Amino acid sequence: MTEDWIRPGEWIGILGGGQLGRMTAQAAHRLGYRVRVLDPDPRSPAGQVADEHVQAAYDAAAAADLARRCAVVTYEFENIPLQAAEAAERAGRLYPAARVLGRSRNRIREKDAVTAVGLETAPYRPVRSAAEAERALSELGAPVLLKTAEGGYDGKGQIQVGNAAEAVDAFRQLCPGPDDHAVAERVVPILKELSVVGARGRDGSVRCFPPAENHHANGILDWSRVPADVPADVRQRAEEAAQRLLEAWDVVGLMAVEFFWTADGRLLVNETAPRPHNSGHYTLEACRTSQFEQLVRAVTGLPLGDPALREPAAMVNLLGDLWQDAGGDPDVRSALTLDVSLHLYGKAEARAGRKMGHITATAPTADAALQRALEARRRFARAAPSATP
Ligand code: AMP
């Protein structure tokens, strides 16, 4: 193990103040670290719980300053400017490295780097012009999904196309700027979507959390359950693939890997994210170590914790839409009469599609956990009874 480990009491910096940063800060606090969050939003979820909130834009100067004032810096979302991550790295210590971030957030570089280590993705082509969009469609065979190379999330920034005219239109819509690129992917027959969150320490040790089975609605994660309802060998292949990526990419910190398990039995890497992942929230209640604590351990040079599952679990997301369903006042008390854990991220404004919180349940089976978590969400979505009838 590296000797220059970071002692409790020292400062951990987080670029980004969303819920992933909030839960990381809470885990860091439990281990006695102090947390400084950089986020321009005065009410950011992580800023609310940090020891210090630096309210500034994600520019190189602010990121470098953060790195100088913290023993280590990490980030909680991919869309911080790469220059800011690089500046933090030059000024101090950044995990995962800016190089990992630059690769994960660009779908072309990411897929090239996945296939370079012998793992499979959906067949793809880089698309840098309308002509390349047409050519990709004819080479891959319709239908294909055209996705922006950078900046897409939660299913945004992608269009399915079936013919050359649609491919050209979609390219022009997704890539209006001269430097905007896209990737074309063949639409593959997905049976299930899985994800594995893995950690790699500064000493090179790797621990992966059990694969989650993920269900999306409108391009946004709706629920996850663990163990994933797939054959044991598929779960094992997913963990091995995640481990291979963490090692081959020399990641220090946490990285989530999303997979498609297809009708013809293949396990395709969809995307990677070098940060805590929504599908790993279940680890807070269900694993011996949470993904957030594991990130803190990895970046500070502490030994990695045991990722083993204590009990089957499910997590359901709470989007802003639920507040609208509930007339602005969800029935929290009714939801919590069930045996579930409620996490709310402290966001003031419940916009449609915005991740406001999540509910986790554990049970003897993943399906029982899922049914209870879904029932809790249904209750949550009802208007709370008013005090005066
Ligand atoms: P992404 O933003 O790449 O995670 O894609 C969002 C969702 O679109 C995925 O979770 C899948 O459900 C679906 N999807 C993405 N790529 C493909 C593909 N090549 N074939 C079929 N479905 C896909």
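Values in this text are rule-based calculations from the coordinates and carry no lab data. Because the structure is predicted, anything quoted here is derived from the model rather than measured. Glycine gets a Cβ as well: all are built from the backbone with ideal geometry, and neighbour counts include every protein chain shown.
Positive end of the dipole of region 137-246 (Cβ unit charges, origin at the Cα centre): among A232, S205, L146, the Cα lying farthest that way belongs to S205. Phi angles of region 217-226 translate, via the Karplus equation with coefficients 6.51, -1.76, 1.60 and θ = phi - 60°, into HN-Hα couplings of 10, 6, x, 10, 4, 9, 8, 10, 9, 9 Hz per residue; Gly and Pro are given as x. The HN-Hα couplings worked out from phi for region 160-167 by the Karplus form 6.51 cos²θ - 1.76 cosθ + 1.60 (θ = phi - 60°) are 8, 10, x, 8, 4, 4, 5, 5 Hz, whole numbers, x standing for Gly and Pro.
Neighbour counts of other Cβ atoms within 10 Å put Y345, Y33, Y282, Y75 in the fewest-to-most order Y345, Y33, Y75, Y282.
Each label point was placed 7 Å from the Cα along the Cα-to-Cβ direction; for D180 and D321 their separation is 2.6 nm.
From the square roots a ≥ b ≥ c of the eigenvalues of the alpha-carbon gyration tensor of region 11-94, which class results: rounded (a/c under 1.5), prolate (a/b over b/c), or oblate? Judged from the Cα gyration tensor, region 11-94 comes out oblate (a/c at least 1.5, b/c at or above a/b).
The amide H of Y75, built 1.01 Å from its N in the peptide plane, has L15 as neighbours under 5 Å, considering only residues 5 or more places off or on other chains. For C287, the residues whose modelled amide H falls within less than 5 Å of its own, excluding neighbours fewer than 5 places apart on the same chain, are R310.
Relative contact order of region 1-139: 19 percent, from C-alpha pairs under 8 Å at least 6 residues apart in sequence. The alpha-carbon positions of the chain define a convex hull whose volume is 144 Å³ per residue.
Note on the chain: with a GNM built from Cα contacts shorter than 10 Å, the maximum mean-square fluctuation among H358, H216, H181 falls on H216. In order along region 312-321, the phi-based Karplus estimate (6.51 cos²θ - 1.76 cosθ + 1.60, θ = phi - 60°) of 3J(HN,Hα) comes to x, 8, 9, 10, 10, 7, 10, 8, x, 3 Hz; Gly and Pro are listed as x. For the options A67, A149, A263, a Gaussian network treatment of the chain with springs between C-alpha atoms closer than 10 Å singles out A263 as fluctuating the most. Here the sum of -39500 (n - 2.57) over DSSP H runs of 4 or more residues, divided by the residues of the chain, equals -9500 deg cm²/dmol at 222 nm, to the nearest 500.
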